[in-house]
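Novice: If you scroll down you'll find the structure; I have some questions about it.
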Amino acid sequence: MVAAHDAPLVPRPRPEIERSEGRMEPVAATPVLEAKGVSIAYGEKVAVREVSLQFLENRITAIIGPSGCGKSTLLRAFNRMNELIGDVHTTGNFLYRGEDIYSRDVDPVQVRRRIGMVFQKPNPFPRSIFQNVAWGPAINGLALKSELPARVEEALRMAALWDEVKDRLDDSGFSLSGGQQQRLCIARTLAMEPDVILLDEPASALDPVSTAAIEDLLFELKKRYTIVIVTHNMQQAARVSDFTAFLESGKLVEFGETDQVFTRPRQKRTEDYVTGRFG
Amino acid sequence: MNGPALAERVTPASLFRQSIDWKELAVRGGLLLCASISVLTTIGIVVVLATESFGFFRHVPVHDFLLGTRWAPLLEPRSFGVLPLVSGTMIVVVGSAVVAVPTGLATAIYLSEYASPRFRSIVKPVLEILAGIPTVVYGYFALTTITPALRAIFPATEVFNAASAAIVVGVMILPMVASLCEDALSSVPRAQREAGFALGATRGEVATQIVVPAAASGVVASFVLALSRAIGETMAVTLAAGATPRFSLNLLESIQTMTAYIVQVSLGDTPAHTVEYQTIFAVGALLFLITLGLNVLAHRFLRGIHRIGE
């Protein structure tokens, strides 16, 4: 972690990926989520233009770019959160394991059960720690009432929060620190046993120690999940991700393996951005 | 830059010396005067209620007043049991709550969680117009519309009856409940709803299990405020329920509420400073204590409203 701070452009080695028989190649692993020529507009204002990219199974893909480049909008399109705001117009295809999630007969509620999301600011419910995690599985009928405690424990363990909260599960979610709250929100998402986890700048409201805890957690989680993380922190993208997409003014400038994007960018704009010349 | 040196121009004395600013004092005094009007009025009302009630209770024992079940201060044999008036008021309050609380909350949930911004922008002002209709109009509405409808269903219904009053007061406070609840629901942070949706919740689950509990204190406060308005409501209940103090729960009979009684005596020719006349202060004081209690309760709930976030 420290080394990465010193040399932000060189991602730290990820041996577990290197070992996995050439699955680093985009073509070899299965794309779980895919955007094909997607554009998103709020009313008249176009936020995302003609973007195509794919997220591979058990990989972490980072979406980076300056503020207002459309990265959060793009991320939120993958579990149909944008339409909750109102006047949002989405075109192009979003494919989840080959199925268009914007097709007429698709229920967005079902999409969100498979594709979970963690938000920029920790947003626990004003309920107990236990209920925060148990609510999702409970309303979706994913677990019997008697199975909930085990499921909550497993989710909290995966989110590396169990040891800190196991004796106070009945305390309010708000009694936790900011970093713990964010891990609670991750646990809440994990309890749904989703397939994909979308994270929208999950560490931007946290201190460096909590940020490091979240990043370490992502390495663990990608063994089981496909992860997409939006961040404006380039060092973070370099540290945690296998693939990086660079967005500017709603357009995809460059998309490739994180090593390549940060050390041998193909586009001049990417180089300028990752070397801190703007943004 | 040819003036006197800085140290000479700005001495501590000239910089910090206090002078009396008459204009500032006048503004301050005027504002204080305006602010004290409402405070002084409140104190005045409390004093009048207390002294006149004290006079009343020198003639009538407190427990006879509070626990007596016959109210006949103007007819021989006289009796000063306030319970028939209290029961009349409670029938109207409970009945109007049954009408207004579920409907108002449902309206608020629809407006805040389901309705399009366009629809909301039409309905919200309509609610506010409804809240501005004079209560005497509601009273006429009860007499000419609700009561005939009730009599068609229950032929035993009297011309003046408690049910009609309860329903019309419910309709009257409905916009207030809906509007205040809607404010409470829409003040729940969007992040809470998004968290719910991202966990695969439906709109209904987010509305009833996330938004309403998160806004619970504001929602309950709106109920309490609306109910204290129902307790104080006078004109509509007088027109709809009549003036027959009765300690009964029969909704189809005429009753009298505390407020309706006060009107009856205030407008009648009861001589001042008699016990009959002082009854209205005793009843008024009791009414004041009940609504005060409810308002204190409402503020308790409102204080707890900003729990999410920081």
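Yes or no, residue by residue, for (1) out of contact with any strand residue (DSSP E or B) (no Cβ under 7 Å at 6 or more places or on another chain); (2) of a type outside the set (Gly, Ala, Ser); (3) surrounded by fewer than 21 Cβ atoms within 10 Å (Cβ to Cβ); (4) over 12 Å from A:Val118 (Cα atoms):
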| site | (1), (2), (3), (4) |
| --- | --- |
| A:Thr189 | no, yes, no, no |
| A:Leu199 | no, yes, no, no |
| A:Pro202 | no, yes, no, no |
| A:Ser210 | yes, no, yes, yes |
| A:Arg224 | yes, yes, yes, yes |
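Novice: If we keep just the residues of region B:255-310 that are at pLDDT below 90, more than 14 Å from chain A (Cβ to nearest Cβ) and outside any helix (DSSP H, G or I), which is surrounded by the fewest Cβ atoms within 10 Å (Cβ to Cβ)?
Specialist: Among residues in region B:255-310 that are at pLDDT below 90, more than 14 Å from chain A (Cβ to nearest Cβ) and outside any helix (DSSP H, G or I), the one surrounded by the fewest Cβ atoms within 10 Å (Cβ to Cβ) is B:Asp269.
Novice: Quick check on B:Met176: is it in contact with a Phe, Trp or Tyr (Cβ under 6 Å, 6 or more places away or on another chain), in contact (Cβ under 8 Å) with a residue 24 or more places away in the chain, surrounded by 17 or more Cβ atoms within 10 Å (Cβ to Cβ) and not basic (Lys, Arg)?
Specialist: no
Novice: Turning to a different aspect of this structure: Looking for something at pLDDT 90 or above, within 24 Å of the chain's Cα centre (by Cα), within 30 Å of B:Val171 (Cα to Cα) and assigned to a loop (DSSP other than H, G, I, E, B) - is there at least one such residue anywhere in region B:38-51?
Specialist: no
Novice: How many residues does region B:188-206 hold that are within 28 Å of the chain's Cα centre (by Cα) and buried (at least 20 other Cβ atoms within 10 Å of the Cβ)?
Specialist: Looking only at that region, the number is 1.
Novice: What are the residues in region A:126-159 that are assigned to a loop (DSSP other than H, G, I, E, B), surrounded by 18 or more Cβ atoms within 10 Å (Cβ to Cβ) and either more than 14 Å from chain B (Cβ to nearest Cβ) or among the hydroxyl-bearing types (Ser, Thr, Tyr) (or both), if any?
Specialist: Residues of region A:126-159 that are assigned to a loop (DSSP other than H, G, I, E, B), as a first pass: A:126-127, A:140-144, A:159.
Of the ones still in play, those that are also surrounded by 18 or more Cβ atoms within 10 Å (Cβ to Cβ) are A:126-127, A:140, A:143, A:159.
Passing the criteria: only A:Ala159.
Novice: Failed condition for B:Lys124, given (1) within 25 Å of B:Thr259 (Cα to Cα); (2) under 24 Å from the mean Cα position of the chain (by Cα); (3) of a type outside the set (Ser, Thr, Tyr), with all others met?
Specialist: (1)
Novice: As an exercise: evaluate A:Val106 against (1) modelled with pLDDT of 90 or more; (2) more than 21 Å from the chain's Cα centre (by Cα); (3) not in a loop (DSSP other than H, G, I, E, B) and give the number of the one condition it does not meet.
Specialist: The number of the failed condition is (3).
Novice: Still on this structure, I have one more. Just checking, does region A:163-173 include any residue being within 11 Å of another protein chain (Cβ to nearest Cβ) and surrounded by fewer than 20 Cβ atoms within 10 Å (Cβ to Cβ)?
Specialist: Here is the first cut: in region A:163-173, the ones within 11 Å of another protein chain (Cβ to nearest Cβ) are A:172-173.
Going one step further and asking which of them are surrounded by fewer than 20 Cβ atoms within 10 Å (Cβ to Cβ), we end up with A:172.
Yes, region A:163-173 contains a residue that is within 11 Å of another protein chain (Cβ to nearest Cβ) and surrounded by fewer than 20 Cβ atoms within 10 Å (Cβ to Cβ).
Novice: Taking region B:19-38 on its own, how many of its residues are of a type in the set (D, E, K, R) and surrounded by 10 or more Cβ atoms within 10 Å (Cβ to Cβ)?
Specialist: The number of residues fulfilling the criteria is 2.
Novice: For residues that are within 12 Å of another protein chain (Cβ to nearest Cβ) and in contact (Cβ under 8 Å) with a residue 40 or more places away in the chain, tally how many sit in region A:97-125.
Specialist: 13
Novice: When the residues of region B:227-254 are filtered to those that are of a type in the set (Gly, Ala, Ser) and closer than 22 Å to B:Arg70 by Cβ, which remaining residue is nearest to the other protein chains (Cβ to nearest Cβ)?
Specialist: Initial filter on region B:227-254 (of a type in the set (Gly, Ala, Ser)): B:228, B:230, B:232, B:236, B:240-243, B:248, B:254.
Pick out the ones that are also closer than 22 Å to B:Arg70 by Cβ and you get B:241-243, B:248, B:254.
On the way: B:Ala241: 42, B:Gly242: 47, B:Ala243: 48, B:Ser248: 44, B:Ser254: 47 Å.
By that ranking, first place goes to B:Ala241.
Novice: Out of all the residues in region A:164-188, which are more than 16 Å from A:Ala213 (Cα to Cα) and not aromatic (Phe, Trp, Tyr)?
Specialist: Those that are more than 16 Å from A:Ala213 (Cα to Cα) and not aromatic (Phe, Trp, Tyr): A:Lys166, A:Asp167, A:Arg168, A:Leu169, A:Asp170, A:Asp171, A:Ser172, A:Gly173, A:Ser175, A:Arg188.
Here's the yes/no breakdown for (1) outside any helix (DSSP H, G or I); (2) within 14 Å of chain A (Cβ to nearest Cβ); (3) over 21 Å from A:Leu184 (Cα atoms):
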{"residue": "B:Leu143", "(1), (2), (3)": "no, no, yes"}
{"residue": "B:Leu150", "(1), (2), (3)": "no, no, yes"}
{"residue": "B:Ile167", "(1), (2), (3)": "no, no, yes"}
{"residue": "B:Met172", "(1), (2), (3)": "no, no, yes"}
{"residue": "B:Ser179", "(1), (2), (3)": "no, no, yes"}
{"residue": "B:Phe197", "(1), (2), (3)": "no, yes, no"}
{"residue": "B:Ala201", "(1), (2), (3)": "yes, yes, no"}
{"residue": "B:Ala207", "(1), (2), (3)": "no, yes, yes"}
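Novice: Scan region B:214-226 and give yes if some residue there is within 13 Å of another protein chain (Cβ to nearest Cβ), surrounded by fewer than 24 Cβ atoms within 10 Å (Cβ to Cβ) and not in a helix (DSSP H, G or I), otherwise no.
Specialist: Looking for residues that are within 13 Å of another protein chain (Cβ to nearest Cβ), surrounded by fewer than 24 Cβ atoms within 10 Å (Cβ to Cβ) and not in a helix (DSSP H, G or I), one finds none in region B:214-226, hence no.
Novice: Mind listing whichever residues of region B:95-122 are at pLDDT below 95, surrounded by fewer than 17 Cβ atoms within 10 Å (Cβ to Cβ) and among the aliphatic types (A, V, I, L, M)?
Specialist: Hit for region B:95-122 is B:Ile122, nothing else.
The values are calculated or read from the model by the stated rules, or taken from the named source; none is laboratory data. What you see is a predicted model, and the numbers here were worked out from it, not measured in a lab. Cβ: placed from backbone, ideal geometry, glycine included. Neighbour counts: every protein chain shown.
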